[in-house]
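J.: Okay, handing you the structure first.
Since every read-out is calculated from the coordinates, none of them should be taken as a lab result. All of these numbers come straight from a predicted model, not from anything done at the bench. All Cβ positions, even for glycine, are placed from backbone atoms using ideal geometry, and neighbour counts span all protein chains on display.
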Amino acid sequence: MALSIEDIKKVAHLARIEVSESDAVATLTKLTGILSLIEQMQAVDTTGIEPMSHSQDLSQRLRDDIVTKTNLRDEFQKNAPLLGNGSTEQAVAGGLYLVPKVIE
Amino acid sequence: MINSSLKQLGEMLQAKKISSVELTQTFLDRIQQYNPNINAYIALDEGKTLAQAKAADARIAAGNVAPLTGIPIAQKDIFCAKGWQTTCGSKMLANFIAPYDAHIITQFDAAGAVNLGKTNMDEFAMGSSNETSYFGGVKNPWSFDRVPGGSSGGSAAAVAARLCAAATGTDTGGSIRQPASLCGFTGLKPTYGAVSRFGMIAFASSLDQAGPMAKSAEDCALMMNVMAGFDERDSTSLNREKEDYTRDLYNSNQAKPLQGLKVGLPKEYFSEGLDANVGNVIEAAIAEYKNLGAEIVDISLPNTGLSIPVYYVLAPAEASSNLSRYDGVRYGHRAAEYTDLMDMYNKSRAEGFGAEVKRRILIGTYVLSAGYYDAYYLKAQQIRRLIAQDFVEAFKKCDVIMGPAAPSTAFKAGEKVDDPVAMYLQDIYTISTNLAGLPGMSIPAGFAQSDDGVSLPVGLQIIGNYFDEARMLNVAHQYQQVTDWHTRMPAGLE
């Protein structure tokens, strides 16, 4: 299945990765090569074969409904990125993370 | 001292012939001397490291000793270690200081081992040459213009150049075994679920597995005793009784210690694509196994060739999901300039990820997107079952499977970096065991001449059935009792 530049842009948008026109062209070449490798699968008849998502066919364990994690919010917030757009402050305030305004 | 086994080092420490501080300082000095060139380590912290060594000495003085107490271990930079820079080889996490410990770090700390530093790796463990690291490539200690393999390339170079007593790695498609082959040491990828993934930065969660990288099978067994075991914080950790991985090593003195062992040779691992000089080394190793009493059985793993296409659907699919967490909001890289939230996501991810990681995220997003899911993702999962069934059939005829770990010796830096498909073929002999969840290891089996006349290490791969690590380690150990390939070290690094 041939990929187009439009496909690359669409997938990049879904993956939330900005691609420039020139990046998109270079990416198209590489991804086309990888997809032709993947296409080898289509020669295999897999009718009736149960898909295998995992090597161990285990069900999820249950545990008691009690708090097991300690609150590390302050520790975690030390790793917050800088706010950007000229600010050298960390993108945190009052125990929350700061992002651009999303609701008008 | 740098060539001593972990057991020997443990005995020297307990007899107080050396202190952990002296031993640790020896390796720190070697790192200072050789690492600027080899680039095996991303993060070093002498203060933290020596504090652990001092604590280990106090513990030894108090008589509270475990087998790895006081021994300096290099940790792949995929494992969170509290207070340590933990980057996963990516610009995305270049400033990330881990706020907690991975399970295996907790285990090593409890054993009294010393964390020597964080080792270089392909970005998010995606690569077979360590060339995708944001922190630069790693040199193969056997030939500085060649790659160490990947993704655990820093740990590999650190073990080969004796810049640590032993190291940890992770293996999603061959990232312990291929570098072990290219750098000439012993590496084990355990059964999926044997070692907890808690605190190990995720790439492809149904395939990722941590394991030891060390000079010998005995060293790997001692490392496994620390690393393996149930951890309820990893939902795929297997709840099995704790086992002693050294249990089979010391009880066979007879001339043919592997009498009756059935070794399967898959014909697909000896066909086109295998370097002829590598093939000769593997055949010589098999002959040595016959001398040890092993019986050779011809087997077939007919779907081996499909393992790479299947892997390059499933691993990128899982990666595209796992790596969606890097959004520039709570940690990791955030773009310096952006307009709105969408622009912040797009730019932060475009800047923070390298080219190979982006390629795999895009492939993964594509194969999971509407209209393609059945043709790619579901199809790959179906063939994954066929690949796993190949092994079920094979293990009806043999106890272990042997073959090459990698199709060639170490290749030159830059040689495959612009050709992802050629790079992916490096893992042709290792990927299928990850898909099946089986344990596999690579042990030094000799040296082969490269095209330009350089003698380079070759690894023999040993694949076992589920949970058969103790037997595999003994199969490797018996070979290491009658050969000395695993004791060789690169020239010029004494």
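J.: What is the antiparallel percent of DSSP beta bridges lying wholly in the protein assembly as shown, to the nearest 5?
T.: Numbers: 34 of 48 bridges.
The answer is about 70 percent antiparallel.
J.: Give the long-range amide H neighbours of B:F411: residues separated by 5 or more places, or on another chain, with amide H under 5 Å away, using H modelled in the peptide plane at 1.01 Å from N.
T.: B:V147
J.: Right, here's the next one. So how do B:S432, B:S235, B:S90, A:S55 line up by other beta-carbon neighbours within 10 Å, fewest first? Could the numbers behind the result be given before it?
T.: On the way: B:S432 31, B:S235 14, B:S90 27, A:S55 22.
Ordered by Cβ neighbours within 10 Å, fewest first: B:S235, A:S55, B:S90, B:S432.
J.: Hey, another quick one. With r defined as the distance between the Cβ atoms of A:Q90 and B:K256 and R0 fixed at 51 Å, what FRET efficiency is calculated, to the nearest 0.05? If you can, show how the numbers build up before the last one.
T.: Working: r = 65 Å, r/R0 = 1.28.
FRET efficiency, A:Q90 to B:K256: 0.20.
J.: In whole percent, what relative contact order does chain B give with Cα contacts below 8 Å and a gap of six or more residues?
T.: On the way: 1181 pairs, mean separation 86.4, N = 494.
With pairs under 8 Å counted, the relative contact order is 17 percent.
J.: Would you please give the residues with an amide H less than 5 Å from that of B:F96, counting only those at least 5 places away or on a separate chain, with H modeled from the backbone geometry?
T.: Residues meeting the criterion, in which the H sits 1.01 Å from N, are B:T86.
J.: At q = 0.06, 0.08, 0.10 Å⁻¹, what log₁₀ I(q)/I(0) does chain B have when each alpha carbon counts as one equal point scatterer in the Debye sum?
T.: Normalising to I(0) and taking log10 leaves -0.24, -0.43, -0.69.
J.: Relative to the longest principal axis of chain A, what angle (0 to 90°, nearest 10) does the C-alpha long axis of helix A:5-14 take?
T.: Once rounded, one gets 40 degrees.
J.: Sorted by packing (mean other beta-carbon atoms within 10 Å per residue), highest first, where do B:138-151, B:271-284 land?
T.: Details: B:138-151: 26.9, B:271-284: 15.6.
For the peptides B:138-151, B:271-284, the packing ranking is B:138-151, B:271-284.
J.: Here's something else I'd like to know. Given all pairs of different Cα atoms, what value in angstroms does the Kirkwood hydrodynamic radius of the range B:145-235 take? Walk me through the intermediate numbers first.
T.: Details: mean 1/r = 0.0768 Å⁻¹.
For the range B:145-235, the Kirkwood estimate is 13.0 Å.
J.: Sort B:102-108, B:91-97 for me by packing, meaning the mean count of neighbouring Cβ atoms within 10 Å per residue, highest on top.
T.: B:102-108, B:91-97
J.: Let me ask another. Under 5 Å between amide H atoms, partner at least 5 residues away or on a different chain: which partners does A:N85 have, H built in plane at 1.01 Å?
T.: B:E337, B:Y338
J.: Turning to a different aspect of this structure: From other protein chains only, count the Cβ atoms within 10 Å of every residue's Cβ in B:346-355, then give the mean. Present the calculation step by step, with values, prior to reporting the outcome.
T.: Numbers: counts 7, 4, 5, 5, 8, 2, 2, 2, 0, 4.
Shielding by partners across B:346-355 averages 4.
J.: I need B:L261, B:L314 ordered by Cβ neighbour count within 10 Å, fewest first.
T.: Details: B:L261 20, B:L314 26.
Exposure proxy ranking, most exposed first: B:L261, B:L314.
J.: A further question follows. Step through the residues of the range B:173-185 one at a time and calculate ³J(HN,Hα) from phi using the Karplus curve (6.51 cos²θ - 1.76 cosθ + 1.60, θ = phi - 60°), rounding each to whole Hz and writing x for Gly and Pro.
T.: Running phi through 6.51 cos²θ - 1.76 cosθ + 1.60 with θ = phi - 60° gives x, x, 5, 9, 6, 5, x, 4, 5, 6, 10, x, 8 Hz.
J.: Rounded to a whole number of µm²/s, how large is the Stokes-Einstein D of the range B:241-396 at 37 °C and 0.692 mPa s, given Rh as the Kirkwood radius over C-alpha pairs? The partial results should precede the final answer.
T.: Numbers: Rh = 20.2 Å.
This corresponds to a translational diffusion coefficient of 163 µm²/s.
J.: Could you work out the mean count of beta carbons from other protein chains within 10 Å of each residue's beta carbon in A:76-86?
T.: 6
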